[in-house]
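Read through the structure below, which is laid out as structure tokens, and then see the notes.
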Amino acid sequence: MNTGKWIMGLFICGLIALSGVLYRLVGELETQVEQNSRWYGEAIWQISQTERALQNLRLALATGGDIGLYGPIYIGQGRVLPNMPVFHNMRFVDDAISAFGRNIEEVARLLADGDFQSLALKLDDQRDQLMELSVKFAVRSDITPELFKSQRSLYRMWVAGLLALLICSLIACILFYDQLQRMQQKRAEARRINIERIGLFAAGIVHEFNTRLSALRWAWDRAVIGDPMQESVNAYALLNHMSDLTDRMLLLARGSSHLQMNEFLFDDFVLQEEAVLMDIVGPDIELDMSGCRGPIWFDRVHLRSVLSEALANARDAMGGRGKIVLHYENNLLTIRDTGPGIKIEDRDRCFEPSYTTKGINGTGLGLAVIQSIITAAEGSVDLTTHRQGGAVLSIRFKAREV
């Protein structure tokens with residue numbers, strides 16, 4: 001909910017900022033409208049005054065009036081017109097007003113030289129130019145968008161801004177609602193996963209102890225008919241393993257780290273655990289571990305669990321008879337059996353908890369426990385069928401970071 005509040009707060013701040021920008025924009029446009037309207041009125045007035053001065057100068061030339069009086073008046077009025085601000089905003093009169101300005105200077109020169117005949121012709125040209133400017137200002141309706149933003153444009157911008165604001169608000173609300181739904185789904189999924197983990201944890205405890213108890217039964221049976229001292233050593237090792245495993249499971253239940261990573265030699269480890277591993281596979285299965293060599297970075301107790309689960313799974317797949325070959329090198333462990341292999345339809349589900357191909361005799365937890373341990377150590381697990389028959393369990397361990 002805190003995330004939702006933050007999103008809503010940011011959304012409100014965004015709306016306030018957008019409203020402020022729109023308000024400032026409209027204020028600037030209104031100022032521009034007032035300014036351009038004033039410039040437009042001044043330009044119309046200046047054109048009319050220039051036309052009047054031009055008419056008086058032409059009349060003086062025709063009747064022999066006081067040219068020395070009306071000439072400077074017209075030149076003064078004409079020089080003001082091209083420099084008015086409104087003409088800088090009107091692209092369609094740039095050439096016309098520039099030509100008019102140049103002709104004004106030509107009129108001033110002809111007036112100073114006393115060339116009244118050429119002056120009369122130049123004044124006729126200027127009259128036509130002023131009439132063209134007057135028509136463009138007073139008659140043409142398309143001058144308005146080129147001159148300034150009209151009030152209608154302002155209203156349209158207000159409406160467009162409000163519509164954009166509403167659309168943004170709607171989109172933001174939809175996104176916010178979708179985000180809330182996603183958060184609720186994630187929480188529900190997290191609760192479901194936690195429930196599954198609790199169930200898997202409880203089932204895993206039973207499965208782990210059942211596997212070791214089977215080995216203890218084998219040791220007891222052999223102790224009765226064989227060497228009690230040697231079998232008691234094997235049984236004691238199994239009991240120590242079960243004790244270590246219980247401690248680690250308690251740490252896992254309390255949310256503590258259940259992996260204690262160390263570096264050791266894999267071949268030394270399997271040599272030390274050979275008796276325990278042989279008890280798991282049984283007397284009618286040949287266990288070949290000669291291809292195991294090299295260092296490994298892993299938890300010793302959980303490596304024993306991984307090997308125990310893998311060997312028990314291979315043993316059950318072969319029906320208690322056959323051969324299992326372990327090979328370890330460069331952080332890759334492969335466990336191959338001589339059983340029937342894994343079917344394609346079972347391969348996609350073999351790591352799912354409680355999924356088994358052994359019927360009522362299977363729990364479906366062996367491979368799931370292996371994957372859980374290896375994944376926690378940032379490794380990977382894969383199960384395939386060898387081209388010559390039998391299943392191959394491949395476990396890739398994470399290399400030690402230097």
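For the reader, a short list of remarks on this structure follows.
- Residue check, residue 355 at pLDDT below 90 and open to solvent by less than 60 Å² (accessible area, probe 1.4 Å): yes
- Enumeration of residues in the range 286-308 that are open to solvent by 10 Å² or more (accessible area, probe 1.4 Å) and part of a strand (DSSP E or B): 286, 287, 288, 289, 290, 291, 295, 297
- So residue 345, is it at pLDDT below 90, part of a helix (DSSP H, G or I) and among the charged types (D, E, K, R): yes
- If you go through the range 372-390 and keep only what is part of a loop (DSSP other than H, G, I, E, B) and under 31 Å from the mean Cα position of the chain (by Cα), you end up with 377, 378, 379.
- Residue check, residue 393 closer than 15 Å to residue 302 by Cβ, modelled with pLDDT of 90 or more and either outside any loop (DSSP other than H, G, I, E, B) or open to solvent by 40 Å² or more (accessible area, probe 1.4 Å) (or both): no
- Residues in the range 55-112 that are modelled with pLDDT under 80, open to solvent by less than 40 Å² (accessible area, probe 1.4 Å) and in contact with a Pro (Cβ under 8 Å, 6 or more places away or on another chain): 97 only.
- Residue that is under 30 Å from residue 352 (Cβ atoms) and modelled with pLDDT of 65 or more, where the choices are 265, 251, 259: 259
- Out of 14, 20, sole residue that is touching a helix residue (DSSP H, G or I) at 6+ places or on another chain (Cβ under 9 Å), open to solvent by less than 50 Å² (accessible area, probe 1.4 Å) and either farther than 26 Å from residue 131 by Cβ or modelled with pLDDT of 80 or more (or both): 14
- Among residues that are open to solvent by 50 Å² or more (accessible area, probe 1.4 Å), touching a helix residue (DSSP H, G or I) at 6+ places or on another chain (Cβ under 8 Å) and either more than 16 Å from residue 368 (Cβ to Cβ) or at pLDDT below 80 (or both), residue 176 is not included.
- Condition check for residue 259: under 23 Å from residue 217 (Cβ atoms) and either open to solvent by less than 70 Å² (accessible area, probe 1.4 Å) or touching a residue at least 60 places away in the same chain (Cβ under 8 Å) (or both): no
- For the range 50-87, a residue qualifies if it is among the aromatic types (Phe, Trp, Tyr) and within 18 Å of residue 106 (Cα to Cα), and the qualifying residues are 70, 74.
- Out of 219, 237, one residue alone is buried (at least 17 other Cβ atoms within 10 Å of the Cβ), more than 46 Å from the chain's Cα centre (by Cα) and at pLDDT below 70. It is 219.
- For beta carbons closer than 6 Å, sequence separation of 6+ or different chains, a first residue in the range 289-314 that is farther than 16 Å from residue 351 by Cα and a second that is modelled with pLDDT of 90 or more and among the hydroxyl-bearing types (Ser, Thr, Tyr), the qualifying pairs are 292/328.
The values are calculated or read from the model by the stated rules, or taken from the named source; none is laboratory data. Keep in mind it's a predicted model, so treat the numbers as computed, not measured. Every residue, glycine as well, gets a Cβ built from its backbone with ideal geometry; the counts of neighbours run over all protein chains shown. Note: accessible area is taken over every heavy atom of the protein model, side chains too, but ligands, DNA and RNA are not part of it. Shrake-Rupley method; radii C 1.70, N 1.55, O 1.52, S 1.80 Å.
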